[in-house]
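Laboratory data are not the source of any read-out in this text; all were calculated from the coordinates shown. Fair warning: this is a prediction, and the values are worked out from it, not measured in the lab. Note that we place each Cβ from the backbone using ideal geometry, even for glycine, and neighbour counts take in every protein chain shown.
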Amino acid sequence: MTERRIGLSGPDITDAEIDAVVEVMRSGRLSLGPKLPEFEQAVCEYTGSKYSVAVNSGTSALFLCLKAMGIGPGDEVITTPFTFIASVGVILQAGATPVLVDIDPQQLNMAPSLLENKITSATKAIEPVHALGNPWGVDDVCEIAKSHGLYSIEDSCEALGTVYKGKKSGCFGDAGFYGFYPNKQITTGEGGIMVTDDRALAESCISLRNQGRAPGAGWLSHDRVGYNFRLSDINCALGIVQLARIEEFKTKRKAVARKYTEFLSVDERLTLQPIPDDCDFNWFVYVVRLSESFSAEDRDQLMSMMSESGIGVGNYFPAVHLQPFMRKLGYKRGDFPVTESVSDRTIALPFHNNLPDSDIEFVCGKLLSFLDRL
Ligand SMILES: *Cc1c(COP(=O)(O)O)cnc(C)c1O
């Protein structure tokens, strides 16, 4: 008997991507060639942003932005514990202090009502995250940032292509970020980008990603301490083709999500991902949440049973404040009860553009029958 294996995610690569990469390889210009500005221009056109700065990961893009904003020791940046670790890690890497705000139980993003209490004289920026690709509430958070004269930096790494209240996610803040790891909506293998309308910010980031070189100055002239966060032309060529296909991807992702929802929405033991009104969602992952009667142990047992059946699953997201290095900073269970309650009971199911209906049916069948056993 051949065992069925269904991966948690997977990229959608065609001959067009392969040909584009091969063309760069044959050109001899593997980095800082024409594909970098072409990719950045395509992202600007797609998002409607004035400037974009492509780098080697979404994490690098967030980190560079903090550095370019002059955020460092003694400064506070407010974000949420219900996110991927990078959102909080970059604040610590910059030497600043992350200040966490619990999530809204419906939106699953930073609760605007809890935010204002966390703003101090040391606060420099607010970093809303589109958890699980959902931008719900980002407009309110950016408004609060603005009214206090603070930067808003929008971690939209999971939400490229989602349109909320008529605006592309990633375009609400002073700067927005997208990630291109292979499980994101589009991939460059590894990569990320910052978008902004702030010219000075973009120019600082361009210099910082390339060893602090001054624009127009020589290769070995550096006017500040920088990094090497460059994205190669090979990656950019892949990104150009992927971005050109984003509407096709969005349609495919919606179809996969619709199929899951058909199978799972009737079961009262499950809560499906919330989507706000006036949101054209470019699905990132398909995450279900077990009802309050289940424990974290139940969820973990369910994940083991799914894995043993060859089904890729993930516990998106474990609460950031309960990660070992955050506990060492003094955080503990009970600090952010909504985040804890949600993250104890979520499970991400296999999700990618080309997931066949028969696989979705198999995954849902297993999920529901394992739930009966808990
Ligand atoms: C993926 C992701 C990032 C950063 O992505 P990398 O490209 O892997 O560095 C940042 N924030 C969130 C919420 C993400 O999901």
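Computed quantities for the displayed model
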{"quantity": "Cα-based reach from residue 366 at 21 Å (exclusive), listing lysines while leaving out same-chain residues under 8 positions away", "calculated": "259"}
{"quantity": "Most mobile of 251, 162, 47 in a GNM of the chain (Cα contacts under 10 Å)", "calculated": "251"}
{"quantity": "For segment 296-362 versus segment 180-211, the gap between their alpha-carbon centres in whole angstrom", "calculated": "28 Å"}
{"quantity": "Förster-model FRET efficiency, 51 Å R0, residue 248 and residue 304, C-beta, rounded to 0.05", "calculated": "0.90"}
{"quantity": "Karplus-derived 3J(HN,Hα), 6.51/-1.76/1.60, for each residue of segment 44-58, Hz, glycine and proline x", "calculated": "4, 5, 5, 8, x, 7, 6, 10, 9, 10, 8, 9, 7, 6, x"}
{"quantity": "Theoretical gain in end-to-end length, residue 200 to residue 222 [0.36 nm per residue, Cα-Cα removed]", "calculated": "6.2 nm"}
{"quantity": "Karplus 3J(HN,Hα) series, Hz, for segment 327-337 with 6.51 cos²θ - 1.76 cosθ + 1.60 (x for Gly, Pro)", "calculated": "4, 5, 7, x, 6, 8, 4, x, 5, 9, x"}
{"quantity": "Residue order, fewest to most surrounding Cβ atoms within 10 angstrom, among 84, 172, 362", "calculated": "362, 84, 172"}
{"quantity": "Ranked 283, 219, criterion: other C-beta atoms within 10 Å, fewest first", "calculated": "219, 283"}
{"quantity": "Size of electric dipole in segment 111-260: Cβ of Lys, Arg +1 and of Asp, Glu -1, about Cα centre, debye, nearest 20", "calculated": "560 debye"}
{"quantity": "The chain: antiparallel DSSP beta bridges as a percent of all, rounded to 5", "calculated": "65 percent"}
{"quantity": "Among 227-234, 153-160, the order from most to least packed when residues are scored by Cβ within 10 Å on average", "calculated": "153-160, 227-234"}
{"quantity": "Global form of segment 308-374, assessed from the alpha-carbon gyration tensor, a/c cut-off 1.5", "calculated": "prolate"}
{"quantity": "Highest-MSF residue in the chain out of 252, 124, 328 [GNM, Cα springs under 10 Å]", "calculated": "328"}
{"quantity": "Proxy reagent accessibility, fewest Cβ within 10 Å first, across 303, 194, 326", "calculated": "303, 326, 194"}
{"quantity": "For residue 311, distant residues with modelled amide H under 5 Å away", "calculated": "6"}
{"quantity": "³J(HN,Hα) computed for each position of segment 289-295 - Karplus, 6.51 cos²θ - 1.76 cosθ + 1.60, integer Hz, glycine/proline x", "calculated": "10, 6, 5, 4, 6, 9, 9"}
{"quantity": "GNM top mover of 95, 216, 72 - the chain, alpha-carbon springs below 10 Å", "calculated": "216"}
{"quantity": "Interchain or long-range residues, amide H under 5 Å from residue 101's placed H", "calculated": "79, 80"}
